[in-house]
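The values are calculated or read from the model by the stated rules, or taken from the named source; none is laboratory data. Small disclaimer: the values here were computed from a predicted structure and weren't measured. Heads up, the Cβs are rebuilt from the backbone with ideal geometry, glycines too, and the neighbour counts pull from every protein chain shown.
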Amino acid sequence: MDRALVWPLAAVGAALLILLVLVQVLLYNNCVGKRGTKGVCMPSIKQFEEWWTTGDAASTLGKSPQGIKWLLQEKRLRGVRTRLGWLVDPEDVERYAREHGIKTKEER
């Protein structure tokens with residue numbers, strides 16, 4: 001291959017790579033906090049403020065906090081582990097209750 005073509009081809013390849021990364025970032029930012037087709041997107045910090053502790057989720061579902069932690073570890077509930085403990089997505093707790101026919105704290 002001619003040396004005169006190597007640098008322009010490398011520049012085009014780098015530009016395409018940068019474009020691909022930008023497209024992925026834009027697509028990711030459009031699904032923040034929502035369930036995407038390829039998995040679950042990361043919620044914003046503002047949304048994390050509304051998430052529940054394992055105790056809150058346990059009292060809503062009528063389970064123990066240890067049972068909620070097990071559901072989180074088995075990825076049956078959506079949550080995130082922090083240094084202070086687990087945070088649980090309240091919408092996912094409601095989904096889990098509906099799918100398993102569990103009456104929530106408000107319904108009892």
One residue from LYS46, LYS75, LYS63 being over 17 Å from GLU106 (Cα atoms), assigned by TED's automatic domain parsing to the domain that holds LYS105 and outside any helix (DSSP H, G or I)
LYS75
Qualifying residues in segment 59-85 (those that are among the hydrophobic types (A, V, I, L, M, F, W, C) and buried (at least 20 other Cβ atoms within 10 Å of the Cβ)) - the one nearest to PRO43 (Cα to Cα)
LEU77
Hey, can you tell me all the residues within segment 80-101 that are under 17 Å from THR53 (Cβ atoms), of a type outside the set (Gly, Ala, Ser) and not in a helix (DSSP H, G or I)?
VAL80, ARG81, THR82, ARG83, LEU84, TRP86, LEU87, VAL88, ASP89
Inter-residue pairs, beta-carbon under 8 Å, first surrounded by 11 or more Cβ atoms within 10 Å (Cβ to Cβ) and in segment 95-108, second modelled with pLDDT of 95 or more and among the aromatic types (Phe, Trp, Tyr), 6+ apart:
ILE102/TYR96
